[in-house]
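For reference, the structure discussed in these notes is given below.
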Amino acid sequence: MGEKRQKTAQEQRYQQRVNEKMPRSKTVSQCVRAFIAGGLICCIGQAVRVFGETTLHLDAEGVAALTAIVMVFLGATLTGFGVYDKIGTWAGAGSIVPITGFANSIVSPAMEFKREGLILGTAAKMFTIAGPVLVYGIGASVIVGLIACLLAK
Amino acid sequence: MDWIDFFWAFVIGGAICVVGQLLISLTRLTPARILVLFVTLGVVLTAFGLYEPLVELAGAGATVPLTGFGYALGKGAMEGAMENGVIGAFTGGITATAGGVAAAIVFGYLNAVIFTPKTKK
Amino acid sequence: MKQKRLGRQTVVFEAPPRIAAGATIVGDMEGAGPLGGYFDLILEDDTWGEDTWEKAERKMFEQTVRRALERCAMQPAEIDLLLGGDLLNQIITANFAARELAIPFLGLYGACSTMAESLLLGSMLIDGGYAGHVACAATSHFSTAERQYRFPLEMGGQTTPTAQRTVTGAGSSLLVEAGYAGGAQFRHIFVTGGTIGRVVDLGITDANNMGAAMAPAAADTLAAHLREQNRTVSDYDMIVTGDLGSFGSEMFNELCRDKGIDLSDRHRDCGNMIFDLAQKVDCGGSGCGCSAVTLNAFLLRRMEEGDFTRMLFMATGALMSPTAGMQGDSIPGIAHAVVIERR
């Protein structure tokens, strides 16, 4: 027991030291870049919304669906052409958080695991990251919907 | 076309991404966790009626980030619940987001078939 | 029985085996680095005409062994034993390459410490009389390691400042018994001893900070080696670690200072040597291939030419596992030291 406790103290000292000396992320410049990239991606989305409203005369639901589809298409295609990962290196969360990043998280494993086959490779690995997003997102929405049901009664 | 809408889309969309960046940089959460967190957060904020004003202000600035995906899920489920009760609570979220999810699957699959990944430099 | 062991971890050889040849194959980014001129083959395309990176890595392993043998005009049939490993699950690179080479084979897994592990074991087997000619090899490949340990290549995101880039590279050494008189690339290089490392874990869990996870193991092995050999750092021209990277090296130096070992300016790290700072690789290179190619392409040649006479080659391995990592376990480290001398 005694030796174990001593070892833990040594571990703690080392981890503390590593945390102190570790090179830091350049958080400020990363945030600026995330802001610019995220803002620009949302502006593209806004342009799609305007197009849907004024040119296609879609209703609110149609506009929302159109925006999602177009943005996902852009994210997926840029990933296919090998551009999105380069944007990601510069933009960080600025290209992860928008729905284009969600598309990237689907396409990148789908491409990567093509060599393991189109069913258990591409199709199964597609959802390694998107799967959890859908599980928690849809799960939360059903809970919220059920609570809304209860409150309505 | 109203330029002020673009201004707010840029500012709010950028700001939501900065929150994500801070989480990555300071807490070392992986991108997968960030995405899950954001979508769940979007659902919860929508349930409390806190996200709707943001969408009205910023348009795509609030709907394009993944919190907006959560917003669409949450809003759809609540509307479904109002119209069709328990059945609607189950179907509403997915119905509202079906376009995006189907697009992600179709475009994802097509891109995977067409392209092969390249080594990073 | 002759005593070939000093203390608990250190071995010394009665008839030190020779390293007769080395061969290296690397990817284009490694080829563009500071050591570019030393490698035998630089691949423009890191799939090397194969349809998967795993197959390319396998081919690199096989070809680097063949090249080392060619330098001594030997055939695979003249090799008693192949020792080697890589980073992939079930060490498929080494296993499948060994299928092609048809040399009696012992597969090793020591993560990035594999090159030192194979040299140490091979030398022990030769000095023990169990083998005459032993081929040792290790490989890693950026694209196979990325998909196994991290994220798909096309996924957008940033690396953290302590991250290291897995080296795409295969390195092999051919060990022969002391009395060997055949053709050779190196005539003066001997493995005189070594220290088998212990697994040391000070609880680092960040898979993007492997340098810090391995530094305690490197310090532990170095301290054991110097103590059991009754030597000091100044007995070596160079203490070479495998892939601690810049931050890991800093922690290694500190841990050594704590143990009363002053490395002064004798410490070098292969992870720091293989890439340029301008290549944006954060803390440097990593992977089995990192130390394997730096040793066989650069260090052994400099030694053969007489630039230095005694080095401690200490490849470091982060024994991490995605499964254990997801279960919240920390990253154990290991380091094996090999004494390589010019005689």
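Quick note: the coordinates plus some simple rules give every number you see, no bench work behind them. Bear in mind the structure is a predicted one, so any value in this text is a computation, not a measurement. Counting neighbours? That spans all protein chains shown, and the Cβs are built from the backbone with ideal geometry, glycine included.
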Please find, within segment C:121-172, the residue that is surrounded by the fewest Cβ atoms within 10 Å (Cβ to Cβ) out of those that are more than 14 Å from chain A (Cβ to nearest Cβ) and of a type in the set (S, T, N, Q). C:THR166
Tell me the residue from A:ALA47, A:ALA34 that is more than 30 Å from C:GLU250 (Cα to Cα) and more than 20 Å from the chain's Cα centre (by Cα), please. A:ALA47
Just one of (1) charged (D, E, K, R); (2) more than 19 Å from the chain's Cα centre (by Cα); (3) buried (at least 19 other Cβ atoms within 10 Å of the Cβ) trips up C:ASP220, so point out which. (2)
All positions within segment C:26-62 that are more than 16 Å from C:SER140 (Cα to Cα) and in contact with an Asp or Glu (Cβ under 7 Å, 6 or more places away or on another chain): C:GLY33, C:PRO34, C:GLU44
For segment C:36-49, how many residues are within 18 Å of B:LYS120 (Cα to Cα) and surrounded by 15 or more Cβ atoms within 10 Å (Cβ to Cβ)? 5
Turns out the helices (runs of 4 or more DSSP H) fully within segment A:50-146 with at least 3 residues that are surrounded by 24 or more Cβ atoms within 10 Å (Cβ to Cβ) and at the interface with chain C (Cβ under 8 Å from one of its Cβ atoms) are A:84-91, A:99-112
Looking at segment A:16-39, can you tell me whether even one residue there is of a type in the set (Ser, Thr, Tyr), within 13 Å of chain B (Cβ to nearest Cβ) and farther than 30 Å from C:SER249 by Cβ? no
